[in-house]
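Peer 1: Structure incoming, see below.
Values in this text are rule-based calculations from the coordinates and carry no lab data. Because the structure is a prediction, the values reported are computed rather than measured. Every residue, glycine among them, receives a Cβ derived from its backbone with ideal geometry; neighbour counts consider all protein chains shown.
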Amino acid sequence: MTSSSQRAPGREHIPDFPSGWIILRYVQFLFCLLSIAFVGYSSAAILLLGPFVALITSTLSFIVSIWLIVAHWFVPKIYNYWAVLTLDIFLWLCWCVSSFFCIMYLMHVLYNRYVSCERPMDGVDPQSRWMGFSKQDCIDGQVSVGFLALLTTITGLSSCQM
C-alpha cells in the first residue's frame, strides 16, 4: 500500500484495492440482478420465506453495489470504508440467511415433505391445478428456487472481499 501523499488528490481516503476488487463488485451486481429475476419468476408459483428474504437481500446488495461502483469510479467523496465494512458484514450475514432458507426449502421439495407438484399443499383442492398453475409451472418454480439457492450462495461468497 502506498502512503496517502502519493495517491491522487481526492482519493486519499480510499484504500488501494487490487484490480480485481471492482470486478467482484460487478459480478455481485450481476448476480443480484439474476437473483431478483429468479425470485420474481419463482414467486409467481411459490411464495415462501426463502425467496422473499433473497429478494430483500438482492435488492440491498444491488443498491450497495451501485453505491460502491459509483464511489470507486465517479464520486470518491461518498466512499466511507467503515460503512463499506459494516454493509459487507451485514450483507454477508443476510446472504447466509437467505441461502439457508432457500436451501432448506429446496431440501424439503427434493424429499417431498413440504410441497410437491404431484400433491397440493394442505387445504388446497387437488382439482385446482395447484393454485391455478400447471404442473410444469410448479416444476419450473421449484427449479428456479434451486438455482436461486445456488446463486445466493455464490453472491454471498462474492461479497467477502475484506
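Peer 1: What shape does the range 29-100 take by its C-alpha gyration tensor, where a ≥ b ≥ c are the square roots of the eigenvalues and a/c under 1.5 counts as rounded, a/b above b/c as prolate, and the rest as oblate?
Peer 2: Oblate is the answer for the range 29-100, as a/c is 1.5 or above yet b/c matches or exceeds a/b.
Peer 1: Taking 0.36 nm per residue of separation and subtracting the Cα-Cα distance, what length does fully extending PHE52 through ASN80 add? Each step should come with its number before you reach the end.
Peer 2: Details: separation 28, 0.36 × 28 = 10.08 nm, distance 2.93 nm.
Roughly 7.2 nm would be gained on extension.
Peer 1: Okay, next question. Would you kindly state how much longer the chain becomes between PHE90 and LEU34 on full extension, computed as 0.36 nm times their sequence separation minus their alpha carbon distance, in nm to one decimal?
Peer 2: Length difference between fully extended and current span is 18.1 nm.
Peer 1: Report the label-to-label distance for ASP16 and TRP73 in nanometres (one decimal), using points 7 Å from each Cα along the Cα→Cβ vector.
Peer 2: Those two pseudo-labels are separated by 2.3 nm.
Peer 1: TYR26 versus LEU60, label points 7 Å from Cα toward the beta carbon: distance in nm?
Peer 2: Taking the two extended label points, one gets 2.7 nm.
Peer 1: Sticking with this one: I want the local charge near VAL64. Using Cβ-Cβ distances under 12 Å, sum +1 for each Lys or Arg and -1 for each Asp or Glu among the other residues. Please list the in-between numbers first.
Peer 2: Values: positive: ARG25; negative: ASP88.
Once all neighbours under 12 Å are counted, the net charge is 0.
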